[in-house]
1. Quick one: is Ala38 in a loop (DSSP other than H, G, I, E, B), small (Gly, Ala, Ser), open to solvent by less than 60 Å² (accessible area, probe 1.4 Å) and at pLDDT below 95?
2. Being surrounded by fewer than 16 Cβ atoms within 10 Å (Cβ to Cβ) and charged (D, E, K, R) is the filter here; which residues of segment 41-72 pass it?
3. With respect to the numbered conditions (1) at pLDDT 90 or above; (2) among the charged types (D, E, K, R); (3) outside any helix (DSSP H, G or I), which one is the sole condition not fulfilled by Glu112?
4. Provide a single number: the residues in segment 1-35 that are among the hydrophobic types (A, V, I, L, M, F, W, C) and either without any contact (Cβ under 8 Å) to a residue 12 or more places away in the chain or assigned to a loop (DSSP other than H, G, I, E, B) (or both).
5. Can you name the condition, by its number, that Arg81 falls short on among (1) at pLDDT below 95; (2) closer than 19 Å to Thr18 by Cβ; (3) open to solvent by less than 80 Å² (accessible area, probe 1.4 Å)?
6. Could you figure out which of (1) more than 15 Å from Ala27 (Cα to Cα); (2) modelled with pLDDT of 75 or more; (3) part of a helix (DSSP H, G or I) isn't true of Ser129?
7. Can you tell me which residues in segment 36-54 are aliphatic (A, V, I, L, M), out of contact with any Leu (no Cβ under 6 Å at 6 or more places or on another chain) and in contact (Cβ under 8 Å) with a residue 40 or more places away in the chain?
Amino acid sequence: MRWRYKASIEYVISALRTDVLREICMADECTRRADSVAQPHFRLRHQIALCAAAAMSNAASLAAEMLSLGGVPPACRPGPRVSSHDAASIEECLAQAQSLLAHYQKRLAMAERRGLLRLREVFREIIESKRAHVLHAAVMAAAGARPRQLS
């Protein structure tokens, strides 16, 4: 039985490592996107910056859970940019946000199956931040923001 627990925790740690990197990449992408939005679009820029801050907060929460499970969060140092899936259009940004929401809903189910209560709460908070991200992306799409404003 012990080996199953160890294998399960190792899987969770590996999954958390991937998610930490995903959130850091998202924060980087949102920060670059917010910097590129023209000054007259302050509200749009602010919403994108809020998504970047939420992604960094998510990465920190996930890294803390990794540590509590005995893992070591990935080292993030300046240098070559980690590959991310930059959205070329607002429609792609909305689809990416919806995909991340679904991803973290699956992670929540994984934490619940394994009885990891603190991790479950972390994923619930991340899901709320991803719902806000989906809403922001939908607002941008409804406003008709074009790729030149977002890239």
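The values are calculated or read from the model by the stated rules, or taken from the named source; none is laboratory data. Quick caveat, the model's predicted, so the values are computed rather than measured. Ideal geometry is used to build each Cβ from the backbone, glycine not excepted, and the neighbour counts take in all protein chains shown. All accessible areas refer to the heavy atoms of the entire protein, side chains included, with ligands and DNA or RNA removed. Shrake-Rupley method; radii C 1.70, N 1.55, O 1.52, S 1.80 Å.
1. Criteria met by Ala38.
2. Residue satisfying the conditions is Arg43 alone.
3. Answer for Glu112: the failing condition is (3).
4. Here the count works out to 3.
5. (3)
6. (1)
7. Once the filter is applied, which keeps residues that are aliphatic (A, V, I, L, M), out of contact with any Leu (no Cβ under 6 Å at 6 or more places or on another chain) and in contact (Cβ under 8 Å) with a residue 40 or more places away in the chain, segment 36-54 yields Ala38, Leu44, Ile48, Leu50, Ala54.
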